[in-house]
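The values are calculated or read from the model by the stated rules, or taken from the named source; none is laboratory data. As the structure is a prediction and not an experimental result, all values here were calculated from the model. Virtual Cβ from ideal backbone geometry, glycine too; neighbours counted across all protein chains shown. Quick note on the areas: whole protein, heavy atoms, side chains included, nothing else; ligands and nucleic acids left out. Shrake-Rupley method; radii C 1.70, N 1.55, O 1.52, S 1.80 Å.
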Amino acid sequence: MCLFCKIINGEIPSNKELEDDNFLAFHDINPKAPVHILVIPKKHIESFNDVNAKTMASATPFIQKLVKKLNIDKSGYRVITNIGDNGGQEVKHLHFHVLGGSKLKWGHFTDSDPKGSF
Ligand code: 5GP
Ligand code: ZN
């Protein structure tokens, strides 16, 4: 069973922020912003490559409710999902990073010079 499935079944403890029938939101153990929450489907889905439209549709109101609860909806935030090796996905259970609480930086996504690719 994967790490996030163990968090869902309570085998590994987590600091939960919001939960419904289909999703769980909990604080990232190694926060990269003042607010850093992980949103995961309760059903094991490996990555964004495998998620269906229905699950994505239900993720939307869940994340909107979460950011209101965290009071970052007006100040702004970022939703990211990493996919596969190049995307930097370490845990192979779909998750959305919700980052906020201060002005987030943008860029430095690759070690190679992007201009060299055009
Ligand atoms: P990824 O790199 O796969 O997109 O993100 C995985 C995230 O899971 C990382 O930000 C990492 O800090 C977080 N993480 C890894 N293990 C645990 C854990 O046991 N508990 C919590 N709350 N977060 C974790
Ligand atoms: Zn899993």
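Taking amide hydrogens as placed 1.01 Å from N in the peptide plane, the amide H of residue 17 sits under 5 Å from those of 25, 26, 27, each at least 5 positions away in sequence or on another chain. What the phi angles of the stretch 61-67 give under the Karplus curve with 6.51, -1.76 and 1.60, with θ = phi - 60°, is a coupling list of x, 5, 5, 5, 5, 4, 5 Hz, glycine and proline written as x. Modelled label positions at residue 53 and residue 16, each set 7 Å beyond Cα in the direction of Cβ, lie 3.2 nm from each other. Per residue, the stretch 58-118 exposes an accessible area of 73 Å² to a 1.4 Å probe, with every protein chain left in place. Mean separation of Cα pairs under 8 Å and 6+ residues apart, divided by the residue count of the stretch 3-105: what relative contact order is that in percent? This gives 32 percent for the stretch 3-105.
Summed over qualifying helices (DSSP H, 4 residues or more, each -39500 (n - 2.57)) and divided by its residue number, the chain shows a 222 nm mean residue ellipticity of -6500 deg cm²/dmol. Total lysine pairs in the stretch 53-118 at Cα distances under 18 Å, for residues eight or more apart or on different chains: 5. Converting phi to 3J(HN,Hα) with the Karplus coefficients 6.51, -1.76 and 1.60 and the offset θ = phi - 60°, the stretch 98-115 yields 10, 10, x, x, 6, 5, 8, 7, 9, x, 6, 7, 9, 6, 8, 6, x, 5 Hz in sequence order, with x at every glycine or proline. What you get for the stretch 25-114, charging only the Cβ of Lys and Arg (+1) and of Asp and Glu (-1), is a dipole of about 620 debye around the Cα centre.
The GluC sites (Glu not before Pro) of the stretch 1-91 that DSSP puts in a loop, and whose beta carbon has at most 12 other beta carbons within 10 Å, are 11, 90.
Given H placed on each backbone N at 1.01 Å, which residues far from residue 46 in sequence or on other chains put an amide H within less than 5 Å of it? So residue 46 has HN proximity to 94. For the stretch 82-89, 3J(HN,Hα) computed residue by residue from phi via the Karplus equation (6.51, -1.76, 1.60; θ = phi - 60°) reads 8, 10, x, 4, 5, x, x, 7 Hz, glycine and proline entered as x.
Given R₀ = 41 Å, what would the calculated FRET efficiency be for residue 68 paired with residue 111, taking r from the Cβ atoms and rounding to 0.05? Efficiency computed from Cβ-Cβ geometry: 0.65.
For the Cα trace of the chain, dividing Rg by the Kirkwood Rh returns an Rg/Rh value of 0.98.
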